[in-house]
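The values are calculated or read from the model by the stated rules, or taken from the named source; none is laboratory data. Just so it is clear, the structure is predicted and the values come from calculations on it, not from any experiment. Don't worry about glycine lacking a Cβ; one is built from the backbone with ideal geometry, like all the others, and counts go over all protein chains shown. Please note that ligands, DNA and RNA were not included when accessible areas were found on the heavy atoms of the full protein model with its side chains. Shrake-Rupley method; radii C 1.70, N 1.55, O 1.52, S 1.80 Å.
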Amino acid sequence: MALMITAECINCDVCEPECPNQAISMGEDFYQIDPNRCTECVGHFDEPQCVQVCPVECIPVDPAHIENHETLWQRYQRLQQAGQSLASAGPLVSPPAAG
C-alpha cells in the first residue's frame, strides 16, 4: 500500500527528509509521494515515518495503490539493489564541454 498526501498538506517540510526512499517531493501545490518508491518504510522502520511526523495527519493509504507487505518488501529490495548499483558505478562525470 503506497501512501499519498492529501490537499490538507500545509507544506511544513517535515515529511520529505524522513522518507528513506526519497519518495516524497514537492508537487505543484503540496507534497506528493511517488508510489513506485514508497514502501511505507518496510525494510527501514516499523511505521511509515512520514505519517509519524505529519502534524496535520494528511498521509493516508493511497486507495489506487493497495499492496501487501510482500510487495512492499520486494520494492524495498529492488530500490536497495538499484542504490547499490549506482554507488558501485562511482561518481557521475559530465562529458567535456564542446569547444
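Annotations for the structure displayed:
- The lone exception for D46 - which of (1) without any contact (Cβ under 8 Å) to a residue 24 or more places away in the chain; (2) more than 18 Å from C15 (Cβ to Cβ); (3) of a type outside the set (K, R) it fails: (2)
- Any pair with Cβ under 9 angstrom, 6 or more apart, that starts in the stretch 21-33 at a residue that is within 16 Å of V61 (Cβ to Cβ) and ends at one that is open to solvent by 90 Å² or more (accessible area, probe 1.4 Å) and of a type in the set (A, V, I, L, M): Q32/M26
Listed here are the residues, each with its yes/no results for (1) part of a loop (DSSP other than H, G, I, E, B); (2) out of contact with any Gly (no Cβ under 9 Å at 6 or more places or on another chain); (3) at pLDDT 95 or above; (4) open to solvent by less than 50 Å² (accessible area, probe 1.4 Å).
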{"site": "T6", "(1), (2), (3), (4)": "yes, yes, yes, yes"}
{"site": "Q32", "(1), (2), (3), (4)": "no, yes, yes, no"}
{"site": "C38", "(1), (2), (3), (4)": "yes, yes, yes, yes"}
{"site": "Q52", "(1), (2), (3), (4)": "no, yes, yes, no"}
{"site": "I66", "(1), (2), (3), (4)": "yes, yes, no, no"}
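- Residues located in the stretch 40-50, provided they are farther than 21 Å from T6 by Cβ and surrounded by 11 or more Cβ atoms within 10 Å (Cβ to Cβ): V42, G43, H44, F45
- Evaluation of Y76 against (1) within 14 Å of M1 (Cα to Cα); (2) exposed (fewer than 12 other Cβ atoms within 10 Å of the Cβ); (3) modelled with pLDDT of 95 or more (one fails), failing number: (2)
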